[in-house]
């Protein structure tokens, strides 16, 4: 379920080998070392293991939030093969909300040091 500033993702473990998760991704505009950016908070659980992490991304990397969230959630047991982009349109809503909150436009430059 999506609402501006918050995405709630639930995936029950339907088979014994499945990984279930119930996650809240909250986000808000923040000041990072590189200027304006976005602060993200991951809360919930992956297979019953509690998740509570916060991270910031500069404006020009905020569009990459799903990759960063996935990388962090892997430490809590989320399989590498889980695709957070496949959230039934909710990813697109969140992406557009972040673009709006940060006044991002297609073609905005990316700092070369953020490509590494």
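Please treat every number below as a calculation from the coordinates, not as lab data. Fair warning: this is a prediction, and the values are worked out from it, not measured in the lab. As a convention, Cβ positions derive from the backbone with ideal geometry for all residues, glycine included, and neighbour counts pool all protein chains shown.
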Using only alpha carbon pairs under 8 Å that are at least six residues apart, calculate the relative contact order of the range 2-104 and give it in whole percent. 23 percent
With everything on Cα atoms, drop me the angle between helix 65-74 and the longest principal axis of the chain, reported from 0 to 90° to the nearest 10. 40 degrees
Could you give the length gained by full extension between residue 33 and residue 105, i.e. 0.36 nm per residue of separation minus their alpha carbon distance, to one decimal place? 23.8 nm
Take residue 92 and residue 41, extend 7 Å from each Cα along the Cα→Cβ direction, and tell me the distance between the two endpoints in nm. 2.9 nm
Using Cα springs under 10 Å in a Gaussian network model of the chain, which residue among 38, 104, 94 shows the largest mean-square fluctuation? 104
Values of log10 I(q)/I(0), in the order q = 0.12, 0.21, 0.23, 0.24 Å⁻¹, for the range 2-104 under a Debye, Cα-only, solvent-free model: -0.38, -1.09, -1.27, -1.36
Over the range 1-61: Rg over Rh, Cα atoms, Kirkwood Rh: 1.10
